[in-house]
Structures are given as structure tokens and as C-alpha cells.
1. If I filter the range B:378-396 for residues that are modelled with pLDDT under 90 and open to solvent by less than 20 Å² (accessible area, probe 1.4 Å), do I get at least one hit?
2. Of the conditions (1) small (Gly, Ala, Ser); (2) more than 12 Å from every other protein chain (Cβ to nearest Cβ); (3) closer than 17 Å to B:Leu15 by Cα; (4) surrounded by fewer than 18 Cβ atoms within 10 Å (Cβ to Cβ), B:Ala44 clears all except one; give me its number.
3. Given the criteria open to solvent by 60 Å² or more (accessible area, probe 1.4 Å), within 14 Å of chain B (Cβ to nearest Cβ) and either over 27 Å from A:Ile10 (Cα atoms) or over 22 Å from the mean Cα position of the chain (by Cα) (or both), does A:Arg165 qualify?
4. Restricted to the range B:57-79, and to residues that are within 12 Å of another protein chain (Cβ to nearest Cβ) and open to solvent by less than 10 Å² (accessible area, probe 1.4 Å), which residue is nearest to B:Val224 (Cα to Cα)?
5. Among the residues of the range B:91-143, how many are open to solvent by less than 60 Å² (accessible area, probe 1.4 Å), more than 8 Å from every other protein chain (Cβ to nearest Cβ) and in a helix (DSSP H, G or I)?
6. I need the full set of residues from the range B:269-319 which are in a loop (DSSP other than H, G, I, E, B), aliphatic (A, V, I, L, M) and crowded, with 17+ Cβ neighbours inside 10 Å, in order please.
7. Just checking, how many residues over the range B:465-516 are at pLDDT 85 or above, charged (D, E, K, R) and out of contact with any Pro (no Cβ under 8 Å at 6 or more places or on another chain)?
8. Quick check, is A:Thr80 assigned to a helix (DSSP H, G or I), among the polar types (S, T, N, Q) and open to solvent by less than 20 Å² (accessible area, probe 1.4 Å)?
Amino acid sequence: MDLSTIDPAILLASLMVASTPILLAAIGELVVEKSGVLNLGVEGMMITGAICGFAVAVETGSPLLGFVAAAAGGAVLSMTFGVLTQFFLSNQVATGLALTLFGLGLSALMGQGYVGIKPPGLGDVNLGPLADIPFLGTVLFRHDFMIYVSLALVAGVWAFLKYSRAGLILRAVGESHDAAHALGYKVVLVRLAAIAFGGACAGLGGAYLSLIRVPQWTEGMTAGAGWIALAIVVFASWRAWGVLIGAYLFGGVAVLQLNLQAAGAHIPVEYLSMSPYLVTILVLVIMSSGRGRAALNAPASLGRSFHASS
Amino acid sequence: MHRRARGARVSAPLLKVEGLRKAYPGVVANDDVSFQIMPGEVHALLGENGAGKSTLVKMIYGLVRPDAGRMTLNGASYRPATPHAARASGVAMVFQHFSLFEALDVAENVALGMENPPPQRRLARRIREVSETYGLPLDPTRLVGELSAGERQRVEIVRCLLQDPKLLIMDEPTSVLTPQEVEILFETLRRLQAEGTSILYISHKLEEIRALCDEATILRLGQVVGVCDPKSTSAREMAELMVGSALHTPSRAARPPGEAVLEIGGLSMKSSNPFGTALRDVSLEVRAGEVVGIGGVAGNGQDELLAALSGEARSGAQTVRLNGQPVGNLGPNVRRRLGLLAAPEERLGHAAAPDMTLTENALLTGAVREGLVARGFLKWAAARGFAERIIADFDVRTPGPGNAARALSGGNLQKFVIGREILQRPICLVVNQPTWGVDASAAAAIRQALLDLAEGGAAVLVISQDLDELMEISDRFAALNEGRLSDPRPAQGLSVEEIGLMMGGAHDMEVAHVQG
């Protein structure tokens, strides 16, 4: 095989593109789970965001409006989950699974007229001289703005959870909703806000797939990315930077194995295809093992319904 | 001291509650409740489980809105819609079941209970200052999950103190504390009182109220049934007001004990809990018709001893014998069939499955001896009958056997758990903390049931931290200390000093004393 066809700079640059959908969905789900809600509907919200974003971008010609619509679409869909689980106290696991199935069906219906169309492109952000730095310029500074938005979101979520009072209340609600209620915090409102944020992020991740990564609309195009995002949140022990590492690792190995396949590596394709899943899970398990405080990151009320008794 | 506060009654009351009423579907939790608290007064709210104490304080703290009646705080009308509003008016509350977050550190927990917390670093400094001023040392950076029950309560108290409350509500604050921790708490409360803070102290422990409070309002079935000065009223009078009838002191006819039923010989065992205490060479004999009490400070091997006897932890066959038959290597169900039953300390999650109904819980331990299972199928009618029998015989207050165990109050569930074992006619019954967190009349009923069981010829082993309880019902007394069991001695005539020495593990002195 010929490894010289693989350019490390381009490889790293495409890694960021490949990882961003999962990163966006995972950072949203991190906030949802930190508030004590387990939303298994990430896949459904992602693909709904993908078609909402795609359709609006095609109709208006503005990818930016497309992303806004994707976030709105994901958030609206997540609110059906929110209303069902927070007001009608339905089971979160079952409702989340139903949301995924519903999202897949809804997106297929909405996307019937959009198969085979090319969406308007989103230009790279002009970072001037930074883009001309050898190697680093290619890797870091020649991307579309959504990549920078996703990184800013990770930093923002990290700082929000660690330093802000609202973040502390969110963590408290996820840790013990009964105690938070006894102190007078509005558990249901906090959780609804978190669910809406998670839906919007998943929608953005889906739109990134359909508008930039692929870019076109096909039915079921998320192909399990939402489930990977869910797994990454758990294996990253609910830490924002852990989610970033997990998502980039997954995207990186996925891009690398594609390059290896193209370069004609003498490894069976099946092994190459499974490698991103294996490597990501292995690394994250090692990262989260054997650390007492890391285990405490798991929100204690995760997946439990809250009903004020008094 | 408290008389001084009374003498200054020219000032208006801090909090005045008039005609408060709150009804839930099917129950009137509070009806026409009125009382008042003066500035700097420690006011006790006394009542049995289910008397409506918790609902009343939840209304004062803004968690529950009253249906009727009014409250005045410092002369102004007071209607808190949320706990935020209550805190803003200077009312703070320490909860019975801690309102703490285990995975957050002390400073974060404190910040969550404050209206306008300062930045974390300044808050940490203030926590240190306040906790040292009041003799409640706390490290603001530690995770609450790593703290003991006493330390957790300090977090709650410090959280309240940081807001300079005018009224501090304490809901059964001592139920989880050791006697030493109770002393520290009382020091703090007296100090607060001297600074002019009023305290509303909720409890059913009469001696505590007599030691601490200036005035007591007694509730029964949601209504005020009496107001008294606890320092001049006897504990017995208050208990009778609280229960509404003459309090029954457990009693039984003395009779000579029979054959040895339960024999423990040279039992040594590691704990399954990494923070537990290993049992070391424990030997004991419990005879038919006898109650043996085991005392000791919590965490000296009580849970491990119960596990070794119930069959949850297995040991060598000969280390535990029932009627001469080795059972040490047998599991819980085989031991149950043979007549060795046990009721562990933790009601929710150990003695009973919280989300299962009482019928299901009755089935869980009663299946073997009560024949509630036939060829692998459950006999629901028989199980329900068994549960109903427990409810009737042990006066468990619940709408019916279809209710979840979690829905019962602590005392009622404890009566159910103990009754469930007693009705299975054990040859030998082992109980751990049978009256923990249970009100006076329920505790008396449980003790009487244990005595009746022994009178019927069963061997009863009671593990407890309540020394008064052990002295009241035991024939012989032994103490656990770091996993070792002292030699049992007749309970009658044991002095407090002797018990203290036994609990402290001074076995040699004890032998010398006996020989001397």
C-alpha cells in the first residue's frame, strides 16, 4: 500500500469535519443528562434537524438560516419528549426510543422532495494570515464557522457547568431532584430547558451532516451517529472536554480507516470499519476507570421521573 | 436562662400562626393550628408520626400553601409562596431527610440554599468562619458524599446560619446523630438562642425537648392538643398528651429461661462492606424465652452480626447453631424454614423493597414459612391475607395491603417489618434497631411484641443503640466493640458505668470487677 497518499494535514482537517456532527449532538445530550434526564431520542432529533436545515437552506439559499431552522426543528421535536416525560411522567427510555423512530419517519416524509438536490455551500471563515500558517493553517484555520461554533459550545458548556450559578442548579437538579425541589428550585422548568438545548444541539449536528459533511439529503443518513453521541457522553463520564476527545477520536479513526482503505491497506475492510467504535470505547473506558471522583460525575437522578409530592 | 426570654415578653411574637388548616384528599393534615414563637425562644413542636408536624413546618417554609388561616412574622402578614420567599423573610430550615447533593462539594451545597451567594472563594472563607464560630468544623472543598451523618447536618445548619435567620426550623435533627453529636448540636442551638434567634424544634424525643426547649406545642391528628413548659412537665405527661391515652410500659412476667436455642461459637468474619467492621471471635448463647440485648456504638459490627445470623453472609457450619443443628453455612431461606428469622435495620431497601406493595413485601420473607408459594406459583389471596393480618395485629396505619412500602411512615413500616417476622412464629428472632426513628407509642408496641414473643418461648436477640430500650426489655446484655462481643451479663442491676466499660471494650476490667 502507499501511505504517502495520506497527507497528515488534510487528514487532521477532515477529522474535524467528520467529528463535528457527533460532537454537537453529544454536547447537547451532556447537558440533558446532567439535568437528570436520559433522552435516547438523539438520533431522531439529529435527522429531523438534518432535513429541516436542508429544506430551509435549499428554499432560502442561505445555509445560515438552514442551521437556525435545524436547531429550531430539533428543539421542537425534543419538546414532545419533554412534555411527555416531565408533565405526563412517561418512561424516559421508552419515550426516547419512540422519539428516534418518530424522527426517522418524520424526516423521511419531509425529505421526499429533496432527494438528489445539492444544497447551497457554506464558505470557510476567512481568518486572514492565520490560514497561511504552514500545516496548522490547513488543520485549524480553514474551516466553516460551524466547526468553531461547536468548539465554542464545548467550552461554553464546560464553563457554564463549572462556574455559573445556573449550571450549579442544573447539576443539583440532576443529582437529587427531591432536594432541589425542597430548596425551591423549579425542577421541571430546568429540565425542559435542558431538553430543548439538547434538541437544538442535536438538530445542528444533523444539519452539519446534510449541509456540509455529505452534503445532500438521503433517508436515514445519520446512520447511528446519534447513538454514538449517546455512548460518548457516558464513556466521557459526563465531562465536556471528555466529550470533545471522544468525538474527535471517533471521527479521527473513522477518517483514518477510510484513508487506509483508499491506500489499499492489507487489513480486511471489516476490521477497519469497526476500528472507530473499538478505539473510541477503549480509550474512553480507560480514561474514566479507576478515578473515584470521575464516577461521581454520573448524575444520580438520571432517568428518574420527578413528581412533586407536596 | 429561658425565663429571661419570657420576662421580656413586652416584645411582640416573632411568628404568630392562627387557625392554619391544610387538607389533602382523604386526610386533614392540619386543622385550626395556632401557636406563637417569641424572639429568642426555642419552641418545640411535639407529636407522633403523622400528627401533622411536617406539613405545618412546610407551610411556614413556603413548600405547601395552607387552605385557611394566617401567619404573621414580626407583625407583618406572612404568606410565603416559595422557599425563596421564606428565606428572604429570615426563615431557614434544616430538613429531616437532608436536602443535600452528594456529588457536589460543601460550598456548592451551601450556595444552592442561599438567595444571593457570594463568589465561591469568598463563600468558602465565610463557611470556615461561621463553622468555626459555632463549633461546627467543616471543610468547604469536601464532597458531601464523603461526610458522616453528623457532618452533613452541619452543612445544612451552616447553610442556614450564613443567611442570619430570625427563625430556624429544625425537623427531627437528632434522629441520625450519635449522643456526642447531639451534645454539640445543642451547644450550637443554645448559642444561637442567646444571640436572639428563635428556633422551632420538631421532635418526638421528649428528653431532648425537656433539655432544650422553652415552650412546647403538642399536636395530635393535626390539631393542637396542648401547650406546656417542658422544663416543668414530666416526659410521661407530655407523652400521654402526644399519644392521647395513658402510655403503656412494656412488661411481662418473669420466667426462667429454657434450653439454648441459638448458639454462636467462635464466629469470625470479614465484612462485605469495604467500610465495615470484621467480626472477631464472637460467641453467644440465646435461650428459649430469653431476650438478649446487644449494645454498642454504630459501626462496631452490628450490621455484620445481623448478616451472619440471617444467612446473608455465610460462615463455617458450626459457628452458628440453631437447636443444636449447624446452620452457619446455610442461606437465608433455609434458615427461615428452620425458624431463624431476622429483621435488619435499614427499612427501605433492606428489610422492605420500597416500591413494592405490602402484600409483595409480606410474600418476600413469608413465602417459606407461611406457605405462600405452591409449585412455583404465588398464592396471592393467601399473601394478601397474611399482609392484612400483619396490618391488623400490629396496628399498621395504611389504606391497605396494596400500598407501596415507600408510602408508609417510618414507624408504620417498622411495625410492619417486625410484625411480618413475628407472625411467622420464629424459634429465634434477630432484630437490629427495632425502634429506630419510631415514635413513642409505636416503639412501646414493638417492644411489647418482642417481649410477648419471648414469653411464648422464642429466643430473641435485639441489637440496638438505644441503651434505655435494651435495659427495658433485655434479660442479659452484651456489647459489641470493634467486632468483638463482650461476655453477656444480666441486665438487671447493671450500672451506666459498667455498660460504658463494656461498650468501650474494657473486657479485662470487667472480669476483674466480676471477680472482685
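The values are calculated or read from the model by the stated rules, or taken from the named source; none is laboratory data. Only a predicted model underlies this, so the values are computations on that prediction, with no experimental measurement involved. We place every Cβ from the backbone using ideal geometry, glycine too, and count neighbours over all the protein chains shown. SASA here: full protein model, heavy atoms, side chains in, ligands and nucleic acids out. Shrake-Rupley method; radii C 1.70, N 1.55, O 1.52, S 1.80 Å.
1. For the range B:378-396, residues modelled with pLDDT under 90 and open to solvent by less than 20 Å² (accessible area, probe 1.4 Å): present.
2. (4) is the only condition that B:Ala44 fails.
3. Values: open to solvent by 60 Å² or more (accessible area, probe 1.4 Å): yes; within 14 Å of chain B (Cβ to nearest Cβ): yes; either over 27 Å from A:Ile10 (Cα atoms) or over 22 Å from the mean Cα position of the chain (by Cα) (or both): yes.
For A:Arg165, the condition - open to solvent by 60 Å² or more (accessible area, probe 1.4 Å), within 14 Å of chain B (Cβ to nearest Cβ) and either over 27 Å from A:Ile10 (Cα atoms) or over 22 Å from the mean Cα position of the chain (by Cα) (or both) - is met.
4. For the range B:57-79, the residue satisfying everything is B:Val57.
5. Counting residues in the range B:91-143 that are open to solvent by less than 60 Å² (accessible area, probe 1.4 Å), more than 8 Å from every other protein chain (Cβ to nearest Cβ) and in a helix (DSSP H, G or I) gives 9.
6. Of the residues in the range B:269-319, the ones in a loop (DSSP other than H, G, I, E, B) are B:270-278, B:288-290, B:296-301, B:311-316.
If we keep only those that are aliphatic (A, V, I, L, M) as well, we get B:278, B:288, B:297-298, B:313.
Answer for the range B:269-319, where residues must be in a loop (DSSP other than H, G, I, E, B), aliphatic (A, V, I, L, M) and crowded, with 17+ Cβ neighbours inside 10 Å: B:Ala288, B:Ala313.
7. 3
8. On the way: assigned to a helix (DSSP H, G or I): yes; among the polar types (S, T, N, Q): yes; open to solvent by less than 20 Å² (accessible area, probe 1.4 Å): no.
No, not satisfied.
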